[in-house]
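Asker: Input: one structure, supplied below.
The values are calculated or read from the model by the stated rules, or taken from the named source; none is laboratory data. Values in this document were obtained by computation on a predicted structure and should not be read as measured data. Note: ideal-geometry Cβ built from the backbone for every residue, glycine included; neighbour counts use all protein chains shown.
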Amino acid sequence: MTQTPLNPGDSPLVREALSSVVSRETSATQAADPAGETSRVVEGGWPRPAKCRVIAVANQKGGVGKTTTSVNIAAALSMNGQRVLVVDLDPQGNASTALATEHRGDVPDVYQVLVDDLPLADIVKQVPDMPGLYCAPATIDLAGAEIELVSLVAREARLRRALTAYSAELDYIIIDCPPSLGLLTVNALVAADEVMIPIQCEYYALEGLGQLLRNVDLIKVHLNPTLRLSTIVLTMYDGRTRLASQVAEEVRAHFGETVLKTVIPRSVRLSEAPSYGQSVMTYDPGSSGAMAYMDAAREIAHRALV
């Protein structure tokens, strides 16, 4: 028996998942004119924002490419004249590993910044061989922060206060969130101006998206009125499967220009790079993953704040 191929709109599950996550915020994001008043062009042609852009990379589902996206977007931006700080807010410390930043033992980390009020400047390290790229590492101690933050004053704004007090001149602060919607992620969303959501091109990746966007709306209303969903990145795209293209088309239909034109393909090099303490941008610049993240970073750099 021959099965009729599915059109992108034929899957009721995909349609239902996406219809539940349409947010009023998505209509606000537009691609900006690089020559506009909100940015200035640096040597090499990439615009430098008029003020530091603080971007939280969030998705409560694990394995969708949050850390890979955070690290490689940051590396690509720094390679093109931007000054970038990656804040590792995941107790697993994978972003710290990929950026060759020590995060074991008694190394001062984000935990002490959030819980003990240690100045952020005391933990930030420059990434080896990457001028303009810095990392605030996370150790396993950060796993206890979810509990310890509960009793602290202004627990949701601890990270924002630390970033405000950090005096270094930066163009981007990229916050790699843990795969949860707990207090660490809330701190990231309160501290950020923008949210970037990596979405794996599979159905399961869509199921929790509605809850994440509801949380973004709640934080915008009660804690951070400037927060907005600025970017959706389609990751782990496998062009050989019908589902990947179906999910991509449906996401674009619902979220419009919020979705980057560049999709991130599945790539072995993306998985290999962290084991060498590198981003894929330096590990294998000619790989499909590196070129895709370079294009994605270029799109992000040319999007000025609304």
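Asker: Among the residues of the range 199-212, is any touching a Gly at 6+ places or on another chain (Cβ under 6 Å) and modelled with pLDDT of 90 or more?
Answerer: No: the range 199-212 contains no residue that is touching a Gly at 6+ places or on another chain (Cβ under 6 Å) and modelled with pLDDT of 90 or more.
Asker: Quick check on this structure: which one of Leu212, Leu206, Leu260 is touching a strand residue (DSSP E or B) at 6+ places or on another chain (Cβ under 8 Å), closer than 18 Å to Gly65 by Cα and assigned to a strand (DSSP E or B)?
Answerer: Result: Leu260 is the single residue among Leu212, Leu206, Leu260 that is touching a strand residue (DSSP E or B) at 6+ places or on another chain (Cβ under 8 Å), closer than 18 Å to Gly65 by Cα and assigned to a strand (DSSP E or B).
Asker: Starting from residues that are of a type in the set (Ser, Thr, Tyr) and surrounded by fewer than 17 Cβ atoms within 10 Å (Cβ to Cβ), keep the ones in the range 181-217 and report whichever is farthest from Arg161 (Cα to Cα).
Answerer: Per the stated criteria, the residue is Tyr203.
Asker: Now, a different point. Identify all residues within the range 200-245 that are among the aliphatic types (A, V, I, L, M) and in contact with a Ser or Thr (Cβ under 7 Å, 6 or more places away or on another chain); write none if there are none.
Answerer: Answer for the range 200-245, where residues must be among the aliphatic types (A, V, I, L, M) and in contact with a Ser or Thr (Cβ under 7 Å, 6 or more places away or on another chain): Leu213, Leu229, Ile232, Val233.
Asker: If you don't mind, there's one more thing I want to ask. Checking the conditions here, which among Ala100, Ala95 is aliphatic (A, V, I, L, M), in contact with a strand residue (DSSP E or B) (Cβ under 6 Å, 6 or more places away or on another chain) and either modelled with pLDDT under 95 or closer than 30 Å to Glu207 by Cα (or both)?
Answerer: The unique qualifying residue is Ala95.
Listed here are the residues, each with its yes/no results for (1) assigned to a helix (DSSP H, G or I); (2) under 24 Å from Pro49 (Cβ atoms); (3) among the basic types (Lys, Arg).
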position	(1), (2), (3)
Thr68	yes, yes, no
Ile73	yes, yes, no
Ala76	yes, yes, no
Asn80	no, yes, no
Asp90	no, no, no
Ser96	yes, no, no
Glu102	no, no, no
Tyr111	yes, no, no
Leu114	yes, no, no
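Asker: Counting only residues that are of a type in the set (Asp, Glu) and in contact with a Lys or Arg (Cβ under 7 Å, 6 or more places away or on another chain), which one in the range 251-306 is nearest to Glu102 (Cα to Cα)?
Answerer: Across the range 251-306, the extreme among qualifying residues is Asp284.
Asker: Just give me the residues in the range 63-110 being out of contact with any Leu (no Cβ under 9 Å at 6 or more places or on another chain), surrounded by 24 or more Cβ atoms within 10 Å (Cβ to Cβ) and of a type outside the set (A, V, I, L, M), in sequence order.
Answerer: Lys66, Thr67, Thr69, Ser70, Ser96, Thr101, His103
Asker: Any idea which of Ser245, Ser271, Ser275 is of a type in the set (Ser, Thr, Tyr), assigned to a helix (DSSP H, G or I) and either buried (at least 16 other Cβ atoms within 10 Å of the Cβ) or in contact with a Cys (Cβ under 8 Å, 6 or more places away or on another chain) (or both)?
Answerer: Ser245
Asker: Take the range 241-257 and flag every residue that is small (Gly, Ala, Ser) and in contact with a strand residue (DSSP E or B) (Cβ under 6 Å, 6 or more places away or on another chain).
Answerer: Within the range 241-257, Ala244, Ala248 meet the criteria.
Asker: Of the residues in the range 114-132, how many are surrounded by 13 or more Cβ atoms within 10 Å (Cβ to Cβ) and among the charged types (D, E, K, R)?
Answerer: 1
Asker: Among the residues of the range 133-151, write down those that are in contact (Cβ under 8 Å) with a residue 24 or more places away in the chain and surrounded by fewer than 15 Cβ atoms within 10 Å (Cβ to Cβ).
Answerer: Ile140, Gly144, Val150
Asker: Kindly indicate whether Glu299 is surrounded by fewer than 19 Cβ atoms within 10 Å (Cβ to Cβ), under 17 Å from the mean Cα position of the chain (by Cα), not aliphatic (A, V, I, L, M) and not in a loop (DSSP other than H, G, I, E, B).
Answerer: In short, yes.
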